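Notes follow once the structure below has been shown.
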Amino acid sequence: MKVKVEDLHEGCIIAENIMGLTNYPIMKSNTSITALHIEVLQAFQIDYVAVKTKKDDGSLFGAEALDEASINEERQERTSIARPRTEFEREYQDAVMFYKNEFSNWQSGSKVDIVKLKQAILPVITSSRIDQYVHRLHELCEAKEYIAHHSIAVGVLCHLIGRKMGYDDGLCTQLSLAGVLADAGMAKMPMSILQKSTGLERDEAIEIRKHSIFSYQYIMDTPFLKKEMKKAIYQHHERLDGSGYPIGEKGQAISMFSQIIALADMYHAMTSERLYKKRQSPFKTLEIITEDSFGKFDIVVVKALQDIIGNLTPGTKVQLSDGQHAEVVYTPPTDVTRPVVKRMAAEEILDLSKQRALFIERIL
């Protein structure tokens, strides 16, 4: 039977040779699967494998078997989702692919080439359609390529927040580069952690917390990033109340640039699909951040992100959390994520600031 690689357990037995791009199998039939084998399959981006119904200890393997029709349908759906449909999406996907290739090089010991990275992201952050896509960045994200998508998206969000806060174009570009490179240190993490489809164990979480230090080490000697941007990369998981890492700095010791990267990083992570969680509404996410992160971020940075994501113009078509479509009528300046809307089917006016069980799921 064929199953998803993510459903494999240690002790499963491979039923047929698994081929890669060469004439020799990556894994031979009758191989008894270990955690290392699963890591290798994920590294080679193998999605499905044929396994025997019984494990090596004689017990039945209870994963859901997939037929060829289901596998082909899922592959076609994934391909159609990934295919760029507009110029912005093409530029975004190109930047993601560039980052993915660079990340692989960093894993092999190569240095960060900031000049080439800047060339790769400039078409995205200077696009005339960037404002139209800010609500959809999380929809473009693919769970299996999360780090590449996340890094480019964080760079885009940093650029937008910096612009909203009044920084000039040069500084916004520097801030965007810092956002893209904030997770470069993930290249030093074990593949078993990077591709894990469940939450991290305590020791794995401790290991992941080293990534901001590694990110800083990658760029600390480059002349192409300002000193304050290097500091921002190092500090992007610090919080004003001292609850962050790597050293628990607090208050004025944490730069505004650090907080911009931190907020962009948190927002995109919460809205995006991951191997172990579904994506979440940008509007609900922004509410959670505003309510739960009081004292962790400067209110100026939070307000900038609110103004970017919220403050929808009248006539904007949206989908509500109950699946109904609606049209924005008015956005109160004090509660930009909860405008007054009109249901398109029932011609009913709803004030989302009073209908707290409902929220905007997505922009149509």
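The table for this structure:
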read-out: Exclusive hit being open to solvent by 10 Å² or more (accessible area, probe 1.4 Å) and part of a helix (DSSP H, G or I), set Ala153, Ala232, Ala205, Ala178; value: Ala205
read-out: Pair list, Cβ under 7 Å, 6 or more apart: segment 86-102 residue assigned to a helix (DSSP H, G or I), other residue acidic (Asp, Glu); value: Val96/Glu145; Lys100/Glu145
read-out: Number of positions in segment 86-102 that are of a type outside the set (S, T, N, Q), within 15 Å of the chain's Cα centre (by Cα) and either over 16 Å from Tyr146 (Cβ atoms) or open to solvent by 10 Å² or more (accessible area, probe 1.4 Å) (or both); value: 2
read-out: Of all residues in segment 235-278 being part of a loop (DSSP other than H, G, I, E, B) and of a type in the set (Val, Ile, Thr), the one that is least open to solvent (accessible area, probe 1.4 Å); value: Ile254
read-out: Scope segment 316-358; condition touching a strand residue (DSSP E or B) at 6+ places or on another chain (Cβ under 6 Å), in a loop (DSSP other than H, G, I, E, B) and open to solvent by 10 Å² or more (accessible area, probe 1.4 Å); matching residues; value: Thr316, Ser321, Gln324, Met344, Leu358
read-out: Residue match in segment 287-299 (condition: under 13 Å from Thr337 (Cα atoms), touching a residue at least 40 places away in the same chain (Cβ under 8 Å) and under 19 Å from the mean Cα position of the chain (by Cα)); value: yes
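The values are calculated or read from the model by the stated rules, or taken from the named source; none is laboratory data. Here the structure is a predicted model, which is why all the values come from computation and not from measurement. Methodologically, a virtual Cβ is constructed for each residue, glycine included, from the backbone with ideal geometry; neighbour enumeration extends over all protein chains shown. Side chains are part of the model used for accessible areas, which takes the heavy atoms of the whole protein and leaves out ligands, DNA and RNA. Shrake-Rupley method; radii C 1.70, N 1.55, O 1.52, S 1.80 Å.
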